[in-house]
Amino acid sequence: MSCMGRTVFIGLDGVPHGLLKRLADDGTMPHCRRLFEIGNLHCIASTIPDISSVAWSSIITGKNPAEHGIFGFVDIPINTYRISFPNYLSLKSKPFWEKSEGRSVILNVPSTFPVREMNGVHISGFVSLDLERSVYPPGLLSQVKALDYKVDVDAEKAHVSMDMFLSDLDKTLTARGKVCDHLWQHEKWDTFMIVFTGTDRLMHFLWDAYEDEEHWYYKAFRGHFSKVDAIVGSIIDRLNDNDILVMCSDHGMEHLDKNVYVNAILKEHGFLHYDPALKGGFANIDGRTKAFSLDPARIYLNKRGKFPRGCVAPNDEEKIIEDICELFQRYAVGGKAVCKAIYRKKEIFHGPFIDLAPDIVLIGNEGINLHSGLTAENTSEETIFSGKHTQHDAFLYVRGRDKCPSVKEGFNVSNIIGYIDSLKAERWR
Amino acid sequence: MTKTLDHLSRLENQSIFIIREAYSQFRNIAMLWSIGKDSTTLMWLVRKAFFGKVPFAVLHIDTGYKFKEIYDFRDTYAQQWGINLMVVKNDEAIAQGVCPKTGKFECCNQLKTEALKQTMDKYKFKALYLGIRRDEHGIRAKERVFSTRDEDFEWDYKNQSPELWDQYKTKATHEEHIRVHPLLGWTELDIWQYILRENIPIVSLYFAKQGRRYRSIGCETCCSPVASQADTVEKIVEELQTSTISERSGRAQDKESAYIMQKLRSLGYM
Ligand SMILES: [Zn+2]
C-alpha cells in the first residue's frame, strides 16, 4: 500500500443534501451521521441540465457537457430528426480512471455502458442493455451473475405494483452490496468507486413517502436508505486512516407537483409544428418549426443546414432565442411560473462540442418537472411520479476536516474530480 | 398454484365483506364503473356479494371521449347483468372541450369530479364504491379502505381513521360522502389472476393487437398503449409475472432503442 492511501468514492444517485442531513439526524442513516461528525458535508450544484447521464459524465471526467459531449439521455444527431441514445462510446473525454496510473474498481456509474478495457474492474450502470457488455474484465461475468447482480431495478414494476417494485429495489441493492463486497476483498485497487442508484428510483416514485409520516410506504422509504447506509458503514469500517473518502450525489430531488411539457408549449405558441397523429416522433417535425426540445428541457433551434428541414437562418437566431426565453419567463401553470431559471448556450456551455449543445436550457420551478416528449397533448399534467430532480441541493462529503481545501460558492459536480486531485496533492505534501 | 388461489380467495372474501358491510350501513350507496378491468372486477365481486344482483345504482361517467369498445361493453353487460346504469355527463365541460381524447389526469379529473359531484348531490348518495388500488398511483398509496370526502372532494385522509364505522356514520353529514375502496389491497397482478380464475369479461382494448395493448383504459391514467404480445388473459398474467423488459429485449438496433426508450419512460423520462 502506498503511504498516500487509497481513494474511495461513493455516489448516491439523486440524494439531496437536505434529505441526507435529515436522515442522518433522525437515525435512519447512523453511519452517515458518524461520518458527518468527522468530515465536511457541502451543498453543491448539479450540471445543467440536472440529469444523471450528464451529471455523472461531468463527475467522472471533471468536464463541462460541451467538453464531454453528453447533454442528456437522448439526442438528435445533426442532419437527422432521429432520436439517438448517447452511451459510454459517445463520451468524448476520458473518465478519471483512464487518466490515473493506479488500478480502479468502478461499480455502477450511470452512462458507462458498454464497458471497455481499463486498468481494473468496471461494471457499468444505467442504461445497460445486458450484463455481458456491462462487466470488465469478461472473466468476472460468471461471478457477477452468480451473485444475482443486475444493473438497475426494474422500474416498470412500480407501474404494476409498488410492493413488487420495492422488493426488486431491495434485491438489486442486496446484490450490489454483495458484488461490492466481493470486489473489495478480491481485487487490488487504488481507487474504488460505487454508485447507489436505487435511491433516485425510490425518490421518483415515493418522494411523498419521505415527507409524510402517515404514508403507507414511509417505513419502506427510510428502510432503503438505512440499507444503503449499512453498506456505506461496512465500507468505512474497512478504511484506513490515510484513505481518502468522498461521497456525492449527481443532483438533488424535490417534491413533484406537475409535469410541464416544453414541446406542447412551443407548439401552442407556434414555434413547433408537427402532426401528433403520425408515428415517428421528431421525424414529423415540419419545415415551419423554429425550435424543439429534448428531455428534460433542452431547446434546439431548427437551424438551416443543421437539421434536414431547418428553417432558422443565422440572422434570425438571436430574435427567436429571445422570444422563446421571454415566453418561458412568463409562462405559468396554475398561477405558478414554470421556470426557475433560463440559460442560453453560451452562459453554461464551453468546449469543443458546443455546436451540439442546446441553444436554451430551462430549469423547472419548484415542483415543476419539465419534460420534452412529443406525445403529450396538454401543456401540463399530474403524474404518478412524486419526486423530481433539482439542479441545486446535490451534496459532496469529504472525510477528514483538516487539510480539506474549501468548497467555493458555485461549486458544481464537474468540480469534484479536480477537488479529489487537490486532496491527494494536499496529502502528498 | 394453491398459494395463489388462497391469496385470491382471501382478497375476494375481504372485498365481499367490505361491499356487504358498506351496503348494510349506507343503503343509499352507488358504484362508479369506468368499464375498466378494476371496476369490472369490482362489479363481479358485487354480484357475488348479492347473489347475482346489483342492488344499487351504477354510475358511468361519460367524458365523451371514450373508446367505442367501452360503450359497446358497457351496454352489453349493463343489460346482461341487469344493472341500474346511470350515465353521468358534464355537458357543460364537454361543450367547452375540456378533455381531449387521450387526456390524462388533470383535465379528466375536472370533468369527472364535477359530473360526479352534481350526481351525488342530485340523488343524495351517502357513499360511493370505487375500484381503486393502492399500488395504482403514487398519490393513492395513502388511501384507506374508507375515506371521507369533504364538499370539494379533497383528500382528507388525515382526519379519518381506517375502520371505525360508527365514527364514519356520524361524520357523514350532508356535506360529505364516504368513499369505499373494496379493491384497495389488490395489485394489478391480483386483478388479472382473478379475472383469469373467474373468467370475467373484459374490454378487448386490454388485449394486444399488432404488438400493443392498453394497460389501463380510464381517463385517469395514461391511455397510450404499451408494447406487448399478450392477447389473452393468461398471457397478460404471464407478462406481469415473469417478463421484465430486459428479457424481452433483443439484439437488433431498433430493439435496443425501444428497450432504452421503455426503460427511460418507466422512470418518467420522455
Ligand atoms: Zn432520476
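In this simple spin-label model, placing a label point 7 Å from the Cα along the Cα-to-Cβ direction at both A:Asp241 and A:Lys171 gives a separation of 4.5 nm. With Cα atoms as the point set, the radius of gyration and Dmax of the range A:272-347 evaluate to 13.6, 39 Å.
A:Ile38 contributes about 90 Å² of solvent-accessible surface, heavy atoms of the protein only, 1.4 Å probe. Using every pair of distinct Cα positions in the range A:117-168, the Kirkwood expression returns a hydrodynamic radius of 12.3 angstrom. For A:Ile78, the accessible surface of its heavy atoms amounts to roughly 70 Å² (probe 1.4 Å, protein chains only, rounded to the nearest 10).
Subtracting the Cα-Cα distance from 0.36 nm times the residue separation, let me have the gained length for A:Ala425 to A:Ile354 in nm, one decimal. Let's see the in-between values first.
Working: separation 71, 0.36 × 71 = 25.56 nm, distance 3.15 nm.
Stretched fully, the A:Ala425-A:Ile354 segment lengthens by 22.4 nm.
Across the range A:312-429, the volume of the C-alpha convex hull divided among the residues equals 178 Å³ per residue.
Are any of the pairs B:Lys209/B:Lys255; A:Lys21/A:Lys219; A:Lys345/B:Lys263; A:Lys290/A:Lys388; A:Lys188/B:Lys263; A:Lys63/A:Lys145 more than 22 Å apart by Cα-Cα distance, and if so, which? Write down the numbers at each step before the final one.
On the way: B:Lys209/B:Lys255 18 Å; A:Lys21/A:Lys219 18 Å; A:Lys345/B:Lys263 29 Å; A:Lys290/A:Lys388 28 Å; A:Lys188/B:Lys263 34 Å; A:Lys63/A:Lys145 33 Å.
Violating the 22 Å Cα-Cα cut-off are A:Lys345/B:Lys263; A:Lys290/A:Lys388; A:Lys188/B:Lys263; A:Lys63/A:Lys145.
Given a 1.4 Å probe and the protein chains as shown, A:His182 ends up with an accessible area of around 40 Å². Computed from Cα positions, the angle between helix A:317-330 and the longest principal axis of chain A comes to roughly 70 degrees. In terms of its Cα atoms, the range A:257-386 spans 40, 36, 24 Å along the principal axes, sorted from long to short.
Taking the longest Cα principal axis of chain A as reference, the axis of helix A:416-428 is set at about 30 degrees.
Between A:Ala337 and A:Asp130, what FRET efficiency comes out of the Förster formula 1/(1 + (r/R0)^6) with R0 = 45 Å and r the beta carbon distance, rounded to 0.05?
My answer for the efficiency is 0.55.
The modelled label-to-label distance between B:Glu256 and B:Arg27, using points 7 Å beyond Cα along the C-beta direction, is 6.8 nm.
Compared with the dominant principal axis of the Cα atoms in chain A, helix A:218-236 is inclined by about 50°.
Give me the percent of Cα-Cα pairs in chain A that sit more than 37 Å apart, rounded to a whole number. It would help to have the intermediate numbers written out before the result.
Values: 21831 of 91806 pairs.
That tail contains 24 percent of the Cα-Cα pairs.
Going 7 Å from the Cα of B:Arg212 along its beta-carbon direction, which residues of the range A:371-390 have the amide nitrogen within less than 18 Å of the resulting point? Once the point is set 7 Å along Cα→Cβ of B:Arg212, A:373-378 turn out to lie under 18 Å by backbone N, inside the range A:371-390.
Between A:Met118 and A:Asn284, what is the FRET efficiency for a Förster distance of 45 Å, r being their Cβ-Cβ separation, to the nearest 0.05? Write out the running numbers ahead of the final one.
Values: r = 41 Å, r/R0 = 0.92.
Efficiency, rounded to the nearest 0.05: 0.65.
The values are calculated or read from the model by the stated rules, or taken from the named source; none is laboratory data. The model shown is predicted, which means the values in this text are computed figures rather than measured ones. For neighbour counting, all protein chains shown are included, and Cβ atoms are generated from backbone atoms with ideal geometry for every residue, glycine included. For the accessible areas, the whole protein counts, side chains as well, though only heavy atoms, and no ligand, DNA or RNA atoms are used. Shrake-Rupley method; radii C 1.70, N 1.55, O 1.52, S 1.80 Å.
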